[in-house]
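Okay, so here's the structure we're looking at.
The values are calculated or read from the model by the stated rules, or taken from the named source; none is laboratory data. Bear in mind that the values here come from a model prediction, so they are computed numbers and not experimental data. Here the Cβ positions follow ideal geometry from the backbone for every residue, glycine too, while neighbour counts run over all protein chains shown. Quick note on the areas: whole protein, heavy atoms, side chains included, nothing else; ligands and nucleic acids left out. Shrake-Rupley method; radii C 1.70, N 1.55, O 1.52, S 1.80 Å.
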Amino acid sequence: MSRLDEAFADGPAFVPYLALGDPDLESSLEYVRALDRGGADVIELGLPFSEPIAEGPTIQSAVVRSLSGGMTPTKFFDAVETLDVDAPLVCMTYYNLVYQFGGSEARSASEDASGGTASEGAGPRPFVERAAEVGIEGFVVPDLPAEEAGPLREACDEFGLDLIFIVAPTTRGERLERIMERTSGYVYVQARLGVTGAKADVSDQTGASLDRLDRWDLPKAVGFGISSGEQAREVVAAGADGVIVGSALVDIVAEGTSAASQTASGDVAEGHENGDSTEAVADRLETLARELKRGALAGAERAQSERT
Amino acid sequence: MSSDTSKFGEYGGQYVPEALMPAIEELDDAYRRYVLENEDGFVDEFRERLRDFGGRPTPLQRADRLSERYDTDLFLKREDLLHGGAHKLNNALGQVLLAKYMGKERIVAETGAGQHGTATAMAAAHLDVPCEIYMGERDINRQRPNVFRMRLNGAAVNPVTTGRGTLKEAISETMRDWATTVETTHYVIGSVVGPHPFPTMVREFQSVISEEARRQFDDQVGGLPDSVVACAGGGSNTMGAFSRFVSDESVDLYAVEAGGSSLAVDEEEGVAPNSASLSTGTEGVLHGARTKLLQDRDGQIVESHSVSSGLDYAGVGPELAYLVDEGRVTPVTVDDDAALEGFHRLSQTEGIIPALETAHAVAWLEQATSEQLGDSVVVCVSGRGDKDLESVIEETASREIPNAPDMDVFSGGMR
Ligand SMILES: Cc1ncc(COP(=O)(O)O)c(C=O)c1O
């Protein structure tokens, strides 16, 4: 059992997401600690990519803030290395960053030889190796379907990391089998079609998606649209082993940041120092984290009592 | 899962969110049945509509004065005469028709120069399917006439404000729409880019260009041309103009990319002031495919630049990247200034006002050696320049373009 499986072992897991470096590295590390205090069982850390095709406006803006604050894969890993939290960490990013990491020297060498042809140096192994070194337990890569994931799956197996696949409401039959064969740690159940973003209601597709996954033992974490303790309760009561919450938390970071930039027009990344303090934003994150965790626990009690 | 044709060497593939995979598999299946096997007479209907609605075949015209200038037999494949004014309709009509055969109720598409958006809006009006077009805010401002045309054909135009507001952001945003609406909607991608089967399917719809050109050249001159020249943004007019010549080793194929203002990448700023992904890009994954990209060493995609919005893209079709690596296609570049000169040259010498994208292909003739061109050349005139008049006049006024006409006929000049 990996550390990720274990995180689901005693009761429903609360799995928050934040983009590292949003709005700057130091604050975002503070926010991650706040989520840890607030009861996170696993934390998904976003490594921002310039073309986040699976994200809605909230996380797109977080990506822009983080990138304009200078976030890079190297800084991401260095920061994670210093981070000491109880919850196991999962890196959520897009495949091109995984694929390019550590390959640039090999790449420019092969370019010299062959005039810019496909690079032999590139591939997911160096990224996974470094992630393992800094204590990351697994990956979610939303633009990497099972069909293209062979090399990353191999590298994860080599270094003992988990690779978490997303199952969509449109995933059925053979595709579902193929994905469930390859996923490890947990499976990310996408609650609704579309992109990430907080929603006021629970998707009516959640129950059916969970039913389709019934015969697999792997923990099922539901994400996309969950924003309140009440929703967390409903999703867990419907059979989820965990809830993944991103945009609702990122919204708190964004609000803290924009409250700040009104007073310190201009550089958003520094602006928050003059507005909402990092501590104030961290407190709000911790409060919502507690609410979400409580909701998940309440949902589990209901699921229990229905079964008995 | 899709067959061996999903890759071109190491390029291509299907790097998309899981939510889209079932739709892409469905599309792959529909492409096979309707387009490759002519199920329900799809291909016959497509050809008929290309003729009656689109105006095909387009002429292969000898350009007498340019032939003289470059001392070769120079022919223009006149895709500018296709309905809508660019090659884009070949693909848009094919995909909108396919969407109907598949029972899809709604069309979304991205557009850069607005030519693909316009072509899609026309095809959607013609075939009576609701249609929404995503277009970068910056492109909306530099391609106003096309925005009006899309609106006139009844399409909604959704401005995309993220990033620099060009083609790359428009594609990302269309993919997000599609990920939400995939059960009822088809994404009509505008070039030979994206996940399999798009690069193959769009190439097949555009191959009518080289299929005609090959036959027309043989009828008019006999045999094969020595070279074929086409501009390359995503590369759809390029692959369309090349594909039926690829197996003819004697025919040299030149893909002309936008050199913009410089071929260097500014890592600090995250910009490449060009769109020359075939000439200067490195391998990576963007918008569903592994291909050549403009990226920094971390793998972040950099912002491209070109005076022509249709070429202003950090990626390129995976098959074209493969053909370049194989040495079958030669990538070359033309910078902004030279492209503007090319624009004016074709307008003045042949009476054809080309699209700024096409102007790159025309401009390269000036740089090419006579060995490269050979005794006979086919240049793909991918589109007409009406959409570009405003930006050309503006861009010309701010530079030293020796062959630009004087616009002082308006009292007080243009500005
Ligand atoms: C006239 C014209 N030519 C060329 C292009 C570039 O596209 P592609 O490289 O796919 O042919 C465009 C794109 O908008 C265009 O409008």
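Criterion applied to A:P23, A:P52, A:P88 was being surrounded by fewer than 24 Cβ atoms within 10 Å (Cβ to Cβ) and touching a helix residue (DSSP H, G or I) at 6+ places or on another chain (Cβ under 6 Å), and the one residue passing it is A:P88. The set of residues in segment A:176-189 that are more than 10 Å from every other protein chain (Cβ to nearest Cβ), within 15 Å of the chain's Cα centre (by Cα) and not in a loop (DSSP other than H, G, I, E, B) comprises A:V187, A:V189.
Just wondering, is there one or more residues in segment B:134-149 that are under 16 Å from the mean Cα position of the chain (by Cα) and open to solvent by 10 Å² or more (accessible area, probe 1.4 Å)? Among the residues of segment B:134-149, not one is under 16 Å from the mean Cα position of the chain (by Cα) and open to solvent by 10 Å² or more (accessible area, probe 1.4 Å), which makes the answer no.
On the basis of being open to solvent by less than 30 Å² (accessible area, probe 1.4 Å) and not in a helix (DSSP H, G or I), does A:G225 make the cut? Yes. Starting from segment B:66-94, keep only residues that are among the small types (G, A, S), then list their pairs with residues that are assigned to a strand (DSSP E or B) whose Cβ atoms are within a distance under 6 Å, requiring at least 6 positions of separation or different chains. Taking only residues 6 or more apart or on different chains, the pairs are B:S67/B:D73; B:S67/B:L74; B:G85/B:G383; B:G85/B:R384; B:A86/B:G383. Would it be correct to say that B:Y15 is within 10 Å of B:P195 (Cβ to Cβ), touching a residue at least 24 places away in the same chain (Cβ under 8 Å) and not small (G, A, S)? Answer is yes for this residue.
When segment B:115-126 is examined, which residues are found to be away from the ligand (no atom under 16 Å from the Cβ) and either open to solvent by 10 Å² or more (accessible area, probe 1.4 Å) or of a type in the set (V, I, T) (or both)? B:A125, B:H126 - these are the residues of segment B:115-126 that are away from the ligand (no atom under 16 Å from the Cβ) and either open to solvent by 10 Å² or more (accessible area, probe 1.4 Å) or of a type in the set (V, I, T) (or both).
Looking at segment B:371-378, is at least one residue modelled with pLDDT of 95 or more and within 12 Å of the ligand (Cβ to nearest atom)? Within segment B:371-378, not a single residue is modelled with pLDDT of 95 or more and within 12 Å of the ligand (Cβ to nearest atom). Scanning segment B:334-355 for residues being under 19 Å from the mean Cα position of the chain (by Cα), open to solvent by 10 Å² or more (accessible area, probe 1.4 Å) and under 17 Å from B:S279 (Cβ atoms) gives a total of 1. Restricted to helices (runs of 4 or more DSSP H) entirely inside segment B:241-355, those with at least 1 residues that are modelled with pLDDT of 95 or more and within 14 Å of another protein chain (Cβ to nearest Cβ) are B:277-280, B:318-325. Scanning segment A:142-159 for residues that are touching a helix residue (DSSP H, G or I) at 6+ places or on another chain (Cβ under 7 Å) and either closer than 16 Å to A:K220 by Cβ or more than 12 Å from chain B (Cβ to nearest Cβ) (or both) yields A:R153, A:A155, A:C156, A:F159. Scanning segment B:301-331 for residues that are open to solvent by 20 Å² or more (accessible area, probe 1.4 Å) and away from the ligand (no atom under 13 Å from the Cβ) returns B:E303, B:H305, B:Y322, B:V324, B:D325, B:E326, B:G327, B:R328, B:T330.
In segment B:154-195, of all residues being among the polar types (S, T, N, Q), in a loop (DSSP other than H, G, I, E, B) and surrounded by 20 or more Cβ atoms within 10 Å (Cβ to Cβ), the one that is farthest from the ligand (Cβ to nearest atom) corresponds to B:T166. Annotation: A:R215 fulfils all but one of (1) out of contact with any Gly (no Cβ under 8 Å at 6 or more places or on another chain); (2) open to solvent by less than 50 Å² (accessible area, probe 1.4 Å); (3) basic (K, R); (4) more than 14 Å from every other protein chain (Cβ to nearest Cβ); the unmet one is (2).
If I filter segment B:356-389 down to residues being in a helix (DSSP H, G or I) and over 21 Å from B:A86 (Cβ atoms), which single residue comes out as most open to solvent (accessible area, probe 1.4 Å)? Filtering first and then ranking leaves B:E371. Among the candidates B:A361, B:A355, B:A368, the residue that is near the ligand (Cβ under 9 Å from one of its atoms), within 17 Å of B:R69 (Cβ to Cβ) and out of contact with any Phe, Trp or Tyr (no Cβ under 7 Å at 6 or more places or on another chain) is uniquely B:A361.
Here segment B:218-252 is the region considered, the condition is being more than 10 Å from the ligand (Cβ to nearest atom) and under 16 Å from the mean Cα position of the chain (by Cα), and the residue that is most open to solvent (accessible area, probe 1.4 Å) is B:S243. Determine, yes or no, whether A:R192 is basic (K, R), within 12 Å of chain B (Cβ to nearest Cβ) and more than 18 Å from A:A238 (Cβ to Cβ). So A:R192 fails the test. Test A:L163 against the stated conditions and say whether it is buried (at least 21 other Cβ atoms within 10 Å of the Cβ) and either facing chain B (nearest Cβ under 7 Å) or closer than 16 Å to B:G13 by Cβ (or both). No.
Is it the case, given these coordinates, that A:D157 is closer than 21 Å to A:D5 by Cα, modelled with pLDDT of 95 or more, open to solvent by 10 Å² or more (accessible area, probe 1.4 Å) and not hydrophobic (A, V, I, L, M, F, W, C)? Here the answer is yes, as A:D157 does meet what is asked.
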